[in-house]
Amino acid sequence: MSSVNPGALPQSDEAQPKKRNEWPLWEVFIRGQHGMSHRHVGSLHAPDADMAIRNARDVYTRRNEGVSIWVVEARHIAASSPSDKGPLYEPSESKVYRHPTFYDIPDEAGHM
Amino acid sequence: MYAQMIQSEATAEDPDKLAAFEARIAAGEKIEPKDWMPAGYRKTLIRQIGQHAHSEIVGQLPEGNWITRAPTLERKAILLAKVQDEAGHGLYLYCAAETLGVSRDELTEMLLDGRMKYSSIFNYPTLTWADMGAVGWLVDGAAIMNQVPLQRTSYGPYSRAMIRICKEESFHQRQGYDIMMKMAFGTPAQKRMAQDALNRFWYPALMMFGPSDKESVHSAQSMAWKIKMNTNDELRQKFVDETVPQAEYLGLTVPDPDLKWNEERGHYDFSEPDWSEFFDVLKGNGPCNADRMEARQQAWAEGQWVRDGLMAHARKRAARRVAAE
Ligand SMILES: [Fe+2]
Ligand SMILES: [Fe+2]
């Protein structure tokens with residue numbers, strides 16, 4: 001639901017014909033329950049962080065979906081690019097010995 | 001409230017990239033914002049999601065009309081919550097559209113200057129309280145029929161927005177049916193109001209699925225790209241099949257003399273809406289087109305100083321913070 005895309009800022013609109021005074025884009029992360037991590041739920045526009053949190057309350061937690069809200073301006077997020085997919089994740093693919101199932105432990109040794 | 005299905009354009013694309021893209025879609029993978037996609041896919045999505053977002057926002061107006069006149073405090077609180085949800089739906093969808101490289105304000109401008117449309121259903125007036133029942137039951141009901149399959153749409157942000165929306169939509173339909181039950185089982189005058197609301201909203205609700213797409217090539221492209229999951233006719237039939245027993249339970253008559261259960265097909269036979277009326281309303285000649293656009297234009301123009309003021313305040317505070325560091 002969001003553009004985690006630091007290249008396309010709502011403010012950097014040279015490409016657009018008319019200058020807009022648009023509120024920046026914020027990405028919203030919500031902790032659904034105590035003990036869980038914050039999860040990305042979407043994005044919204046707000047003039048500043050305080051308003052972004054208030055808006056996030058109204059837009060993303062109308063039914064008790066959260067106990068904590070984080071917001072971060074979308075332009076501060078750096079993201080991996082889809083074309084990196086292969087080279088970026090390849091090193092972990094070849095390391096089967098990182099998984100417990102790589103090792104045969106005899107039943108006699110008991111639960112491990 | 002609903003995604004009006006829109007035609008897509010075929011474009012000349014790099015055949016290798018296109019083939020890889022279509023293979024991903026066939027494998028059920030979601031396409032994400034930074035992934036390569038054909039220009040036609042992007043363009044069709046911007047129009048479809050944008051139009052859907054505008055429909056959620058404009059769709060607040062016919063119901064907003066009754067908030068101050070709801071018959072009880074409880075009904076008022078419920079209607080307020082429902083209309084607030086629709087604002088939320090609009091925002092989820094604008095965010096999804098923004099991931100495709102168009103900004104929310106840009107989309108709003110396109111709505112306001114008539115380059116983009118919203119669902120024609122919202123150009124009909126809400127004349128009595130029973131219309132709040134009919135809108136929730138039929139209009140949100142038809143919206144759900146459209147939206148449920150779109151949860152599986154191929155574009156990730158759109159799919160996620162639809163999942164959130166569908167979670168909230170069921171309450172909308174049920175509160176509408178609850179109003180209809182109260183009216184249909186009430187005094188004779190209340191029952192007449194309920195019947196009148198059904199009479200006026202039945203065909204406009206059937207129109208929400210769009211004209212028959214039997215002959216449309218573009219529709220086939222959208223289905224292949226999983227931007228659209230079912231044909232308009234399939235969804236309309238499903239809606240009729242589900243809604244007729246609900247009307248019967250209320251003791252109300254669907255305003256279609258040719259409505260009949262077809263044993264062989266296992267579906268209801270029903271009359272098509274008047275498609276010339278549909279195209280006329282789409283062109284701007286419905287009973288409320290001018291009112292709706294005027295309300296949106298007024299809200300946008302009168303909100304300008306608030307948007308600018310808050311932005312100026314935020315910049316001033318940010319500058320002060322920098323100066324203090
Ligand atoms: Fe909605
Ligand atoms: Fe709704």
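Values as computed for the structure displayed
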read-out: Matching residues in the stretch A:33-48 - criterion: being part of a loop (DSSP other than H, G, I, E, B), crowded, with 19+ Cβ neighbours inside 10 Å and not hydrophobic (A, V, I, L, M, F, W, C); value: A:47, A:48
read-out: Test result for residue B:130, in contact with a Leu (Cβ under 8 Å, 6 or more places away or on another chain), away from ligand 1 (no atom under 13 Å from the Cβ) and hydrophobic (A, V, I, L, M, F, W, C); value: no
read-out: Single condition residue B:141 does not satisfy, out of (1) in a helix (DSSP H, G or I); (2) more than 16 Å from ligand 1 (Cβ to nearest atom); (3) more than 28 Å from residue B:300 (Cα to Cα); (4) of a type outside the set (Lys, Arg); value: (2)
read-out: Meets criteria (over 24 Å from residue B:316 (Cβ atoms), touching a Ser or Thr at 6+ places or on another chain (Cβ under 8 Å) and either aliphatic (A, V, I, L, M) or outside any helix (DSSP H, G or I) (or both)) for residue A:105; value: no
read-out: Matching residues, the stretch B:230-262, being among the aliphatic types (A, V, I, L, M) and under 16 Å from residue B:142 (Cβ atoms); value: B:235, B:240, B:244, B:247, B:254
read-out: Every residue from the stretch A:1-58 that is modelled with pLDDT of 95 or more and β-branched (Val, Ile, Thr); value: A:28, A:30, A:53
read-out: Options B:43, B:30: the member that is among the charged types (D, E, K, R), touching a residue at least 60 places away in the same chain (Cβ under 8 Å) and away from ligand 2 (no atom under 16 Å from the Cβ); value: B:30
read-out: Hey, residue B:148 part of a helix (DSSP H, G or I), without any contact (Cβ under 8 Å) to a residue 40 or more places away in the chain and either away from chain A (no Cβ under 14 Å) or away from ligand 1 (no atom under 11 Å from the Cβ) (or both) or not; value: yes
read-out: Where a residue in the stretch B:159-181 is within 13 Å of chain A (Cβ to nearest Cβ) and its partner, wherever it lies, is of a type in the set (Gly, Ala, Ser) and near ligand 1 (Cβ under 10 Å from one of its atoms), with Cβ under 7 Å and at least six apart; value: B:169/B:143
read-out: The stretch B:113-127: number of residues that are within 14 Å of chain A (Cβ to nearest Cβ) and within 16 Å of ligand 1 (Cβ to nearest atom); value: 0
read-out: Any hit, the stretch A:48-58, residues being over 25 Å from residue B:33 (Cα atoms) and more than 12 Å from every other protein chain (Cβ to nearest Cβ); value: no
read-out: Qualifying residue in the stretch B:76-84 (condition: more than 14 Å from chain A (Cβ to nearest Cβ) and within 19 Å of residue B:125 (Cβ to Cβ)); value: yes
read-out: Given (1) away from ligand 1 (no atom under 16 Å from the Cβ); (2) within 14 Å of chain A (Cβ to nearest Cβ); (3) among the β-branched types (Val, Ile, Thr), number of the condition residue B:57 does not satisfy; value: (1)
read-out: Unique match (being surrounded by 24 or more Cβ atoms within 10 Å (Cβ to Cβ), touching a residue at least 24 places away in the same chain (Cβ under 8 Å) and away from ligand 2 (no atom under 16 Å from the Cβ)) among B:96, B:142, B:70; value: B:96
read-out: Residue list for the stretch B:87-108, filter: within 9 Å of chain A (Cβ to nearest Cβ) and hydroxyl-bearing (Ser, Thr, Tyr); value: B:92, B:94, B:99, B:103
read-out: Residue identified as away from ligand 2 (no atom under 12 Å from the Cβ), touching a Phe, Trp or Tyr at 6+ places or on another chain (Cβ under 7 Å) and among the aromatic types (Phe, Trp, Tyr) among B:177, B:118; value: B:177
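A quick yes/no check of all residues on (1) in contact with a strand residue (DSSP E or B) (Cβ under 7 Å, 6 or more places away or on another chain); (2) part of a helix (DSSP H, G or I); (3) on the phi > 0 side of the Ramachandran plot:
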residue	(1), (2), (3)
B:237	yes, yes, no
B:242	no, yes, no
B:245	no, yes, no
B:257	no, no, no
B:265	no, no, no
B:279	no, yes, no
B:291	no, yes, no
B:298	no, yes, no
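Residues checked against (1) modelled with pLDDT of 95 or more; (2) among the β-branched types (Val, Ile, Thr); (3) out of contact with any Ser or Thr (no Cβ under 6 Å at 6 or more places or on another chain):
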| site | (1), (2), (3) |
| --- | --- |
| B:144 | yes, yes, yes |
| B:150 | yes, no, yes |
| B:158 | yes, no, yes |
| B:168 | no, no, yes |
| B:177 | yes, no, yes |
| B:180 | yes, no, yes |
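The values are calculated or read from the model by the stated rules, or taken from the named source; none is laboratory data. On a predicted model such as this, the values are computed, not experimentally measured, just so you know. Cβ sites come from the backbone with ideal geometry, for glycine too, and all protein chains shown count toward neighbours.
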